[in-house]
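Written out below as structure tokens is the structure these notes cover.
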Amino acid sequence: MYVVLSCGRFGYEFVRGLDVDIKDILIIDETADNLSGLEKEGFRVLPIKTFSSDIINSHVKTGDQVFILGDDGRKNLELIKMTRELIPDVTIIVNATNKECEDKMNLIKGVVPIRISDSVRNALKIALEARITEKKATLLRKILQKAKGGTVAIFTHNDPDPDSIASALAFQAICESEGIRSKIYYGGEISHQENKELVRLLEIELNHIKNEDELSIALQNASKIVMIETALPSENNVLPMDIVPNIVLDHHSTNMDVNASDFADIRSDLGALSTALTTYLQKLDVKVDSKLATALLYALKVDTKSFTRNVSSTDLRIAAFLSPFADEELLKRIESPPMSSYTMDVIGKAIVNREIRDGVLFSSVGYVKERDALPQAAEFLLRESGVRVVGLCGIRGFNIHISARSNDKSLHLGEAVKRAFSEYGSAGGHPTSAGVQISLDRVKIKDKSDKELIANEVANMCRKIFFTGLGIDISTKTI
């Protein structure tokens, strides 16, 4: 048995990389945050208020391999002494956070102190990530092999963006490498001009679900159901709420439990899901052709804003891997499509209706035909001098959409938006980009046929929530 007494930042990565059955690992810690992610991955965890003789006597036995991997060297030393007094013969590997602690630990028999510098920690993290990905890739292959003879249904989120499209394309490539048929499905529409160019130029085959009958047929024909860059059925996707997907792959954090019958991998530490899918391609020895590399690299650039936001070292390594295979000419054509006259009209309306308070800009454009005109307009508004945060509200169909952008490094926009809007609908995102979707049913108005009245009520409601959520006083008028 492997027993971890106190986990810490390094310990979290270390236990995930142990080459043993996770059922043989028990992790005990006073910090519940360190345990929640490991518990979701299937590890045996025990959250406690404080370490005591009873805790150690109950869970540590002679012959166990004990790890003490907390971030506080002095606490680790106290825990060594407590464990050694109760179980004299057990071997302890411990995180010695400084030279003083290491010297004291070396004086205790059966204790192996290790010093983890930042460079070593990063190197170990990369190595462990590779091992973990290899394990996951092997498991994923075994799961997909059970789908042979059928068709894997790959569902993106509604109005799929480049990361969603490229990741789905990568998963399709994995299926093809295993001799398995697959189809990519989406709801909503592809309206952003750059996204249209991506699909058109790379000739990506996507199946548009337009009604319940089409969805029913897709589900009936599916040997496995996969969710890409969306984790919760019915939340910004066409899947019904009661369905349990077989596989979920996403990089957006969520407060709700992700339910997948076979496999789930939520990589919120990455700037793009395309990074995670590329690592799977590498581990499974799937050929990355020019079309796939171009889609993945473009998605990575979009989600990280050309590697200037939410970018990790893994994102950069994957970008370096993809670059030689990508078609530079196609990338340029995708990145610089002509802007539609409709998007220009939305930008113009957003400029006219904008209100700025303490560097925070809010605007509303009423009903829109193309939801993706909102993020394009929000990006444009952020260029105004003195503006650090933008919130742009619009209505499409039966939903209110807010696209938010920020260049304020002291603010995590996704968390701020989530706090402000989560009780009204789905909300969240990254430090510099975020989105909100709220059902129009949340707006209490008698005359549902008066679109102008609805647009005004929506603008007033969202304006108040957005400004207040960002700590802006709206009690006084502005010019």
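Summary table
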quantity: Those residues of region 267-285 which are of a type outside the set (Ser, Thr, Tyr) and surrounded by fewer than 20 Cβ atoms within 10 Å (Cβ to Cβ), in sequence order; calculated: 269, 282, 283, 284, 285
quantity: Flag if residue 219 is out of contact with any Asp or Glu (no Cβ under 6 Å at 6 or more places or on another chain) and within 28 Å of residue 435 (Cα to Cα); calculated: no
quantity: Enumeration of residues in region 303-358 that are over 15 Å from residue 392 (Cβ atoms) and of a type in the set (A, V, I, L, M); calculated: 311, 316, 318, 319, 320, 322, 326, 330, 331, 334, 339
quantity: Tally, over region 263-299, of residues that are farther than 18 Å from residue 330 by Cα, in a loop (DSSP other than H, G, I, E, B) and in contact with a helix residue (DSSP H, G or I) (Cβ under 9 Å, 6 or more places away or on another chain); calculated: 9
quantity: Boolean, residue 374 is crowded, with 20+ Cβ neighbours inside 10 Å, in contact with a Ser or Thr (Cβ under 7 Å, 6 or more places away or on another chain) and either among the aliphatic types (A, V, I, L, M) or without any contact (Cβ under 8 Å) to a residue 40 or more places away in the chain (or both); calculated: yes
quantity: Options 46, 35, 26: the member that is outside any loop (DSSP other than H, G, I, E, B) and either more than 20 Å from residue 92 (Cβ to Cβ) or of a type in the set (Asp, Glu) (or both); calculated: 35
quantity: Pairs with Cβ under 7 Å, 6+ apart, first in region 439-454 and in contact (Cβ under 8 Å) with a residue 12 or more places away in the chain, second assigned to a loop (DSSP other than H, G, I, E, B) and loosely packed, with under 12 Cβ neighbours inside 10 Å; calculated: 439/398; 440/398
quantity: Complete set of residues in region 420-479 that are of a type in the set (A, V, I, L, M, F, W, C) and in a loop (DSSP other than H, G, I, E, B); calculated: 443, 445, 470, 472, 474, 479
quantity: Criterion (more than 28 Å from residue 268 (Cβ to Cβ) and assigned to a helix (DSSP H, G or I)) met by exactly one of 89, 54; calculated: 54
quantity: Of all residues in region 440-460 being among the basic types (Lys, Arg) and either surrounded by 12 or more Cβ atoms within 10 Å (Cβ to Cβ) or under 17 Å from residue 369 (Cα atoms) (or both), the one that is modelled with the lowest pLDDT; calculated: 442
quantity: Selection within region 148-196 - more than 20 Å from residue 250 (Cα to Cα) and surrounded by 23 or more Cβ atoms within 10 Å (Cβ to Cβ); calculated: 192
quantity: When residues of region 305-332 are limited to those that are touching a residue at least 24 places away in the same chain (Cβ under 8 Å) and acidic (Asp, Glu), the one surrounded by the fewest Cβ atoms within 10 Å (Cβ to Cβ); calculated: 327
quantity: Filtered residue count, region 216-273, keeping only those that are of a type in the set (S, T, N, Q), farther than 23 Å from residue 181 by Cα and in contact with a Leu (Cβ under 9 Å, 6 or more places away or on another chain); calculated: 2
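Here is a yes/no grid of residues against (1) of a type in the set (Phe, Trp, Tyr); (2) more than 24 Å from the chain's Cα centre (by Cα); (3) at pLDDT below 95; (4) not in a loop (DSSP other than H, G, I, E, B):
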{"position": "170", "(1), (2), (3), (4)": "no, no, no, yes"}
{"position": "174", "(1), (2), (3), (4)": "no, no, no, yes"}
{"position": "184", "(1), (2), (3), (4)": "no, no, no, yes"}
{"position": "197", "(1), (2), (3), (4)": "no, yes, yes, yes"}
{"position": "205", "(1), (2), (3), (4)": "no, yes, no, no"}
{"position": "219", "(1), (2), (3), (4)": "no, yes, no, yes"}
{"position": "235", "(1), (2), (3), (4)": "no, no, yes, no"}
{"position": "242", "(1), (2), (3), (4)": "no, no, yes, no"}
{"position": "255", "(1), (2), (3), (4)": "no, no, yes, no"}
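The values are calculated or read from the model by the stated rules, or taken from the named source; none is laboratory data. Note that the structure is a prediction, hence the values are computed from the model and not measured. Reconstructed Cβ throughout: ideal geometry from the backbone, glycine too, with neighbour counts over all protein chains shown.
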